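Undergrad: Questions regarding the structure given below will be posed in turn.
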Amino acid sequence: MSHSKRNTSRAVFTSHERSLAKAAWSQSSARLTRESFLPFASCALCLEPAQDPVACAAAGDIFCRECALSNILAQKKELKRLEKNRAQDERERAERQVQEDAEAQVRAVKEFELVQAGLEKKVPRKTGNAGNTGNAGNTGDQAAAAPRTDDASSRKRKFADELERVAEEDRSKARRAIDADRAAAHDARALPSFWTPSETPGTDKNGESTVVAKVKTPASGQPVCPAGRDGHAYSLHSLVSVKFELDSKGQRICPACNKMLSNSSKAVLAKPCGHVLCRSCVHQFVKPPTGALFDPHAPPGTTGRVRCYVCEEDLEGDGSLKDKKSKDKTDKKDKKDKKDKKEKERIKPGLVDIRSEGTGFSAGGVSEVKKNGIAFQC
């Protein structure tokens, strides 16, 4: 008698065979422990402690500077290669279209010559007045009675349009006939050699690949952050140099509370200065408390501002007196364009959470991974 969990299983399978089938076919999951996560401030590319660390300004992913630059250069080379291949495919497609149009034109001329020679029967064309044959006499009388308003130019234009329409119909008919002949020839010489490149499912009859490579690139065509799940773009100008505070043992600590930073610290990066603090110190020292009293001895425009704990740099970027003075100045058009370009490349001030993988606890990150598979009943 089988167990209630296996009441639909077959008795010929052993427990070992069931475990093998379950591991290979069904959905499997595993718990992640602390050893499965990267330590704090590890490079997302080489998986080693980051040397000369830099962070993505958008999501706070940590990289080695050398690894980040190598990845950006590799992605740019790949984008150039894909763009070159795309342009070559478009040129080949245009050349093939021109060749097919020429073949269709030759076939249409050949069919016309055969019809004129009486060797082939002409297929009657469908006209718009085919269903109104009963009223042909009335229509002719009305046309004769109607005043003649079309001049010679309009008649020539209509005649040219009619000739163009008839020629296009002939070319499309010849093109369909050529495609039918090619399909018949391909089916006649089709071989069961499924391993050949021309017989693969992702290849059409012309030998071109119909499967479009899924490249993780945004619409702008820029390199993509390799550690990001949302596919955000990153570049050399968007990397922030991370400045960790080190203790006597060389461990990375928070400059405010002198506690060692780890995956459970929820470290926060200040942009663009690059100093790193733990989340509790950010809420206590960096962000101004709600309902803070006015300080009469503070410089004008600095009360209630978000500033870095280490260097006191403004992390909001829109309230400094220097920015206000620069906005009041009127520059020329070329200087304004250069300023706009630099403004786009400049890292916007603010705070961003440094991404960490977790601690192994259920509330400290992803603690379980799943693999979906096809169910196999045994």
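Every number here is computed from the coordinates shown, using simple stated rules; none is lab data. Remember, predicted model here, so these are calculated numbers, not experimental data. Reconstructed Cβ throughout: ideal geometry from the backbone, glycine too, with neighbour counts over all protein chains shown.
Undergrad: Which of I374, I62 has the fewest other C-beta atoms within 10 Å, and how do the rest follow up to the most?
TA: Arranged by neighbour count, lowest to highest, I374, I62 become I374, I62.
Undergrad: Let me ask another. Please list, in chain and number order, the residues 5+ apart from L277 or on another chain whose amide H is under 5 Å from its amide H, with Hs placed from the backbone.
TA: Amide H neighbours of L277: V268, A270.
Undergrad: What are the ³J(HN,Hα) values, in whole Hz, obtained from phi via the Karplus relation 6.51 cos²θ - 1.76 cosθ + 1.60 with θ = phi - 60°, for each residue of the range 62-70 in sequence order, with x given for Gly and Pro?
TA: For the range 62-70, the Karplus curve yields 8, 9, 6, 4, 5, 5, 5, 5, 5 Hz.
Undergrad: So what are the ³J(HN,Hα) numbers for the range 98-113, from phi and the Karplus equation (6.51, -1.76, 1.60; θ = phi - 60°), rounded to whole Hz, Gly and Pro as x?
TA: In residue order, the calculated couplings are 5, 5, 5, 5, 5, 5, 5, 5, 5, 5, 5, 5, 5, 5, 5, 5 Hz.
Undergrad: Mind listing the long-range amide H neighbours of Y234? Cut-off is under 5 Å, sequence gap 5 or more, other chains count too, H placed in the peptide plane at 1.01 Å from N.
TA: Answer set, sorted by chain and number: V224, C225.
Undergrad: Additional query: Any of K266/K287; K76/K371; K243/K287; K243/K266; K22/K371; K249/K287 with alpha carbons more than 22 Å apart? Name them for me.
TA: Over 22 Å Cα-Cα: K76/K371; K249/K287.
Undergrad: Still on this structure: What is the local net charge at A58, summed over the other residues whose Cβ is closer than 11 Å to its Cβ (Lys, Arg +1; Asp, Glu -1)?
TA: Once positives and negatives cancel, what remains is +1.
Undergrad: Please list, ordered by chain and number, the residues whose modelled amide H lies under 5 Å from the amide H of K259; skip anything fewer than 5 residues away on the same chain.
TA: Amide H neighbours of K259: C254.
Undergrad: Here is a further query. In the neighborhood of C257, defined by Cβ-to-Cβ distances under 14 Å, what is the net charge if each Lys or Arg adds +1 and each Asp or Glu adds -1?
TA: +2
Undergrad: Give me the net charge for the shell around C311: Cβ to Cβ below 13 angstrom, other residues only, Lys and Arg +1, Asp and Glu -1.
TA: Working: positive: K243, K271, R307; negative: E245, E312, E313, D314.
Value of the local net charge: -1.
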